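These notes concern the structure reproduced below.
Any read-out appearing in this document is the output of simple, stated calculations on the displayed coordinates, not a laboratory observation. These numbers were taken from a predicted model, which means no experiment stands behind them. Reconstructed Cβ throughout: ideal geometry from the backbone, glycine too, with neighbour counts over all protein chains shown.
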Amino acid sequence: MTILARAADRARSAREPRILETGRSSLRGPDRLARGLGWFSIALGVIELLGARRLARAFGMQGAEWLIRSYGVREIASGLGALSINPASGIASRIGGDGLDLLTLMAANCRTRKQRDNVELALLAVAGVSLLDLYCHQELSSLHQRRGTARDYRDRSGFPNGKPKLE
Amino acid sequence: MKALVWHGKQDIRCDRVSDPEIEDPRDAIIKVTSCAICGSDLHLFHNLIPAMLPGDIMGHEMMGEVVEVGSTAKNALRKGDRIVVPFTIICGECDQCKRGNFSVCERTNRKKALADKVFGHTTAGLFGYTHLTGGYPGGQAEYLRVPFADATHIKVPPQLSDEQALFLGDILPTGWQAAAQCDIAPTDIVAIWGCGPVGQMAIRSAMLLGARTVVAIDHLPERLSMAEAAGAITIDFMQDSVVGRLNDLTDGKGPDKCIDAVGLEAHVSPAQPDSVLDRAKQMLMLENDRPHVLREMIYVCRPAGVISVPGVYSGLVDKLPLGMAMNKGLTFRMGQTHVNRWTDDLLRRIEEGQIDPSFVITHTVRLEDGPEMYRVFRDKQDSCIKVVLKP
Ligand SMILES: NC(=O)c1ccc[n+]([C@@H]2O[C@H](COP(=O)([O-])OP(=O)(O)OC[C@H]3O[C@@H](n4cnc5c(N)ncnc54)[C@H](O)[C@@H]3O)[C@@H](O)[C@H]2O)c1
Ligand SMILES: [Zn+2]
Ligand SMILES: [Zn+2]
């Protein structure tokens, strides 16, 4: 990011302030994790879209290429959500997707040893990522939610001389 | 010096940056004593206003002490003067400035060619905002270079505190202009959407300008309570039908004047289905803004009424019922605020005790805590309404 700032310096006048040292960001751990998961989701989505045929062969899901492709679209949509200004919605949609992925893998109809190994590996990976998604969603919600009771500001009229007369 | 720097979407950092220098004889440098986070900063935080660049210094509501004056600015300012800096940079000499249309000053946008292309014609240079308005470094920093400083300032009398004077640079005149542009008559019912800092100032301005009744709309209880403090009737848009309540309150006629103090980021909720669609389109880059409030105002406003829009919109909006507005004969007034058009009058009103804008401040923190406060203000946590930063 500071590299980008350096590049952008060309749009500034010569004597304008330049970054010397960068400090703590408004982005917190869960926000960054959500961004990571967002990009991961998009990458996975592209692989599912473009490599549906190979994936189907690897997991014994021949004939279900269209399903894999539709999952790809879903991954990309969730990814965009996770990269948006309200990442919790994107991560929630990823969690739903994780469930679907697990069910779909368990229903795979494996005919070879290799396929069974692949499915097992994939199940393990999806389970791991699901845990990360759940953790991220929980942390995001607790970081960004409104807490406590709303304060009462009914003593703040802003009119030192009293309210202007109405009606 | 320290400054709050924009690095990207939702990424604002308190960085160490080099100090500003005088670049032109009309410049002055101030040591910032107080600055604030504005609702407009949230649009930048969310990267919804195009042409922000990493490394841009944020902030357009600031005041301080003059520490260096360029040779020409010396005619108007001296070292040690205490000034509020309006967020609109003005030359004071062009055709528009002479007419008081300061926010469309023809000379202060140093990226005029770009603005001419994008907007059709350039508008004024703004502090801490997009490069479409000059990309001038902002005032959430220890020091600020004020270009055209001989015209771009408001002198503050010593008896006023920073807290009383600071908002002369933005939200007070913004709320005031929103109400003034409604040409309020003593019989008028004025409805105001959004009880953020701008809405709060608009509520009080409408009252000082003699509205019969002011109705304030939001969904955050702390903000509604602050609207009530001024004597407004409140509507919680998540509990009640805004159109239904407004029609009830006006004998079915609709409010005479409507003010949009929300802007392009209308709350997204299934209760306002159009806002969900707008949000989706925003994400797919099919639409820039979420104009739910504009649609609602056009629908509920009394025929021949006025719609005044201080809320910021950035680009293209969809499904705006223009036919409805045309047939109802509505008048639209909008714009970035012509700050210096109003500040002499407003300064007098503050001195006389008619209004004290410091009522809106809920949080005062150090500049270093700025990045965290962007998040708190955005997430509406801790009953936050207005944040003041002390560099
Ligand atoms: N024209 C100018 O020169 C100028 C100057 C300053 C600020 N602004 C703009 O004014 C707007 C408000 O600024 P602010 O500082 O008060 O921001 P803010 O974000 O604190 O306030 C916006 C308020 O609108 C409420 N809201 C959201 N959806 C709503 C709906 N559907 N109906 C009613 N209320 C709704 C929110 O709950 C919030 O309280 C922003 O768009 C800002 O950019 C314009
Ligand atoms: Zn502002
Ligand atoms: Zn001018």
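One chain, two ends: B:L322 and B:A51. Fully extended at 0.36 nm per residue, the span grows by 94.7 nm beyond their Cα-Cα distance. Helix B:171-180 and the long axis of chain B differ in direction by around 40°, with both axes built from C-alpha atoms. For the stretch A:86-126, the list of trypsin sites (Lys or Arg not before Pro) that fall in a loop by DSSP and count at most 11 other C-beta atoms within 10 angstrom reads A:R111. Each peptide in A:31-38, B:84-91, B:126-133 receives the mean, over its residues, of other Cβ atoms within 10 Å, and ordering these scores from highest gives B:84-91, B:126-133, A:31-38.
Can you pull the percent of Cα pairs in chain B with separation above 40 Å?
For chain B, the fraction of Cα-Cα distances above 40 Å is 11 percent.
For q = 0.13, 0.14, 0.20, 0.26 Å⁻¹, what log10 I(q)/I(0) does the stretch A:1-81 give under the Debye formula with an equal point scatterer on each alpha carbon and no solvent? Here the Debye-derived log intensity ratios amount to -0.62, -0.66, -0.88, -1.10. Excluding same-chain neighbours fewer than eight residues apart, the aspartates and glutamates reachable from A:K165 by a Cα-Cα span under 16 Å are B:D188, B:E228. Evaluated over the Cα positions of the stretch B:172-334, the convex hull gives a direction-averaged projected area, one quarter of its surface, of 8.6 nm². Shielding by partners for peptide B:356-362, expressed as the average number of C-beta atoms from other protein chains within 10 Å of each residue's C-beta, is 3.
For B:K319, give me every one of the lysines with a C-alpha distance below 16 angstrom, ignoring sequence neighbours fewer than eight places off in its own chain. Qualifying lysines at Cα under 16 Å: B:K281. Take each residue of peptide B:371-378, count the partner chain Cβ atoms within 10 Å of its Cβ, and average: the result is 3. For chain B, the longest piece that avoids every one of the GluC sites (Glu not before Pro) found in DSSP loops with at most 15 other C-beta atoms within 10 Å covers B:94-391.
Backbone phi angles across the stretch B:354-370, fed through the Karplus curve with coefficients 6.51, -1.76 and 1.60 (θ = phi - 60°), yield HN-Hα couplings of 5, 8, 10, x, 5, 4, 7, 6, 10, 9, 10, 9, 6, 4, 4, 7, x Hz in residue order; Gly and Pro are listed as x.
Listed by chain and number, the lysines whose C-alpha is less than 28 Å from the C-alpha of A:K163, apart from same-chain residues fewer than 8 away, are B:K155, B:K253, B:K257, B:K380, B:K386.
Just check the stretch B:32-145 against the gyration tensor rule for me: Cα atoms, a ≥ b ≥ c as the square roots of the eigenvalues, rounded for a/c under 1.5, and otherwise prolate or oblate depending on whether a/b exceeds b/c.
oblate
By DSSP, the beta bridges lying fully in chain B are antiparallel in about 55 percent of cases. Calculated mean residue ellipticity, 222 nm, the protein assembly as shown: -12000 deg cm²/dmol, from DSSP H runs (n ≥ 4) at -39500 (n - 2.57) each, averaged per residue and rounded to 500.
Residue separation times 0.36 nm, minus the C-alpha to C-alpha distance between A:E21 and A:T112: what's the value?
Working: separation 91, 0.36 × 91 = 32.76 nm, distance 5.70 nm.
Gain in length upon complete extension: 27.1 nm.
Among B:K31, B:K386, a tally of other beta-carbon atoms within 10 Å of each Cβ gives an order, fewest to most, of B:K31, B:K386. Please work out whether the stretch A:28-142 counts as rounded, prolate or oblate from its C-alpha gyration tensor, where a ≥ b ≥ c are the square roots of the eigenvalues and a/c under 1.5 means rounded, while otherwise a/b larger than b/c means prolate and anything else oblate? In terms of gyration-tensor shape, prolate.
Taking the C-alpha atoms only, the angle from helix B:197-208 to the longest principal axis of chain B is near 70 degrees.
Averaged over peptide B:2-15, the number of partner chain Cβ atoms lying within 10 Å of each residue's Cβ comes to 6. Looking at the stretch B:98-175, the trypsin sites (Lys or Arg not before Pro) that sit in a DSSP loop and have at most 11 other Cβ atoms within 10 Å of their own Cβ are B:R99. For the stretch A:44-123 versus the stretch B:63-132, the spacing of their alpha-carbon centroids is 54 Å.
Toward the positive end of the charge dipole of the stretch B:172-334, with +1 on the Cβ of Lys and Arg and -1 on the Cβ of Asp and Glu, the farthest Cα among B:I233, B:G252, B:I217 is that of B:G252.
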